Amino acid sequence: MEFTEMGLYLFLTCMFATVLQHPASPIRHVLPNDTVRRACFGISVGATIVAIVLTPWGETSGGHLNPAMTFTFYRLGKIELWDALFYGVAQFAGATAGVVIATVLLLGAPGNPTIRYAATLPGIYGVGVAFTAEVVISFVLMLTVLLSSNHNLLSRYTPYFVGALYAIFITLETPLSGMSMNPARTFGSAFRGRYWHALWLYFLAPTVGMLVAAELFVRMRGGIGPYCAKLHHANDKRCIFRHGRQQIRP
């Protein structure tokens with residue numbers, strides 16, 4: 001499930017990037033402003049994330065779509081190590097497959113220099129700023145997921161909060177780091193385009209940001225961990241992970 005969800009996410013990401021950025025696309029000429037195009041791209045990707053998490057498969061697998069998030073749930077005691085490793089493999093493989101399929105079906109258009117397979121790369125301010133930005137936005141994303149998904153009234157809205165953050169971050173933060181928050185998402189594009197520059201940044205920064213968010217969440221709750229490693233609980237799908245609020249050692 002996570003393989004398919006991740007593949008769909010990257011496939012649509014490449015498709016949206018191509019439609020909005022390719023020099024031959026009429027939409028690029030209708031929307032000449034970079035910020036407006038980023039906003040449209042962000043809304044499209046954010047809506048995609050929401051839709052995937054709310055599918056029956058997303059509700060069952062947890063809709064992580066992100067090995068850094070999966071690893072953070074492992075740190076919180078919600079996932080067995082073996083399961084977390086398999087999730088990571090599926091997410092990386094799905095992301096890579098999604099980009100490859102998009103390239104084939106779109107006749108190589110995502111490889112255009114204006115699109116670069118929707119790669120996430122450091123902006124004009126350099127690697128240091130990109131690293132800091134990735135830590136911050138990943139921290140905000142994970143803390144939002146943990147706080148909202150473990151709140152009785154807000155839990156059903158968690159996918160929408162996540163989608164909104166994606167839209168906002170893509171619009172405003174992309175010039176700094178390309179807006180990844182996700183090692184597998186970055187790897188999928190980098191693998192097809194051979195964009196290995198600063199790849200370590202997109203493996204380390206999102207993981208650090210999310211782990212810090214998890215530590216803060218646990219301390220705020222006196223050591224009590226989250227209920228289940230799912231983004232959306234308001235459905236009839238059982239929690240396939242360890243569930244129940246448990247004491248976590250800081």
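The values are calculated or read from the model by the stated rules, or taken from the named source; none is laboratory data. Fair warning: this is a prediction, and the values are worked out from it, not measured in the lab. Neighbour counts are summed over all protein chains in view; Cβ atoms, including those assigned to glycine, are modelled from backbone coordinates with ideal geometry.
Yes/no per residue for (1) among the aliphatic types (A, V, I, L, M); (2) under 19 Å from M142 (Cα atoms):
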site	(1), (2)
Q21	no, no
T48	no, yes
F73	no, yes
V104	yes, no
N112	no, no
Return a yes/no flag: does region 47-69 have any residue that is in contact with a helix residue (DSSP H, G or I) (Cβ under 8 Å, 6 or more places away or on another chain), free of Cβ contacts under 8 Å to residues at least 12 places away in the same chain and either of a type in the set (D, E) or not in a helix (DSSP H, G or I) (or both). no
Residue that is surrounded by the fewest Cβ atoms within 10 Å (Cβ to Cβ), among those in region 44-59 that are farther than 19 Å from P206 by Cα and among the small types (G, A, S): A51
Among the numbered conditions (1) in contact with a helix residue (DSSP H, G or I) (Cβ under 7 Å, 6 or more places away or on another chain); (2) within 19 Å of A167 (Cβ to Cβ), tell me where V36 comes up short. (1)
In region 220-250, how many residues are part of a helix (DSSP H, G or I) and either modelled with pLDDT of 95 or more or among the small types (G, A, S) (or both)? 0
Which pairs turn up if I take residues in region 1-20 that are more than 18 Å from L54 (Cα to Cα) and look for partners that are of a type in the set (S, T, N, Q) with beta carbon separation below 6 Å, at least 6 apart in sequence or on another chain? F16/S44; V19/S25
Among the residues of region 52-63, write down those that are touching a Leu at 6+ places or on another chain (Cβ under 9 Å) and of a type in the set (G, A, S). G58, G62, G63
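Per-residue answers, yes or no, for (1) crowded, with 18+ Cβ neighbours inside 10 Å; (2) under 18 Å from the mean Cα position of the chain (by Cα); (3) within 17 Å of A118 (Cβ to Cβ):
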residue: F187; (1), (2), (3): yes, yes, yes
residue: A190; (1), (2), (3): yes, yes, yes
residue: W200; (1), (2), (3): no, yes, no
residue: V208; (1), (2), (3): no, yes, no
residue: F217; (1), (2), (3): yes, no, no
residue: R221; (1), (2), (3): no, no, no
residue: K230; (1), (2), (3): yes, yes, no
residue: A234; (1), (2), (3): no, no, no
Residues G62, G77, G98: which one is modelled with pLDDT under 95, out of contact with any strand residue (DSSP E or B) (no Cβ under 8 Å at 6 or more places or on another chain) and surrounded by 19 or more Cβ atoms within 10 Å (Cβ to Cβ)? G62
What are the residue pairs meeting all of these: first residue in region 202-224, first residue more than 20 Å from R185 (Cβ to Cβ) and of a type in the set (D, E), second residue assigned to a loop (DSSP other than H, G, I, E, B) and at pLDDT below 95, Cβ atoms under 9 Å, and 6 or more apart or on different chains? E215/P250
Give region 226-242 a look and list any residue that's farther than 20 Å from L153 by Cβ and small (G, A, S), or say none. A229
Taking the options G193, G128, name whichever one is within 21 Å of T13 (Cα to Cα) and either touching a Cys at 6+ places or on another chain (Cβ under 8 Å) or not aromatic (F, W, Y) (or both). G193
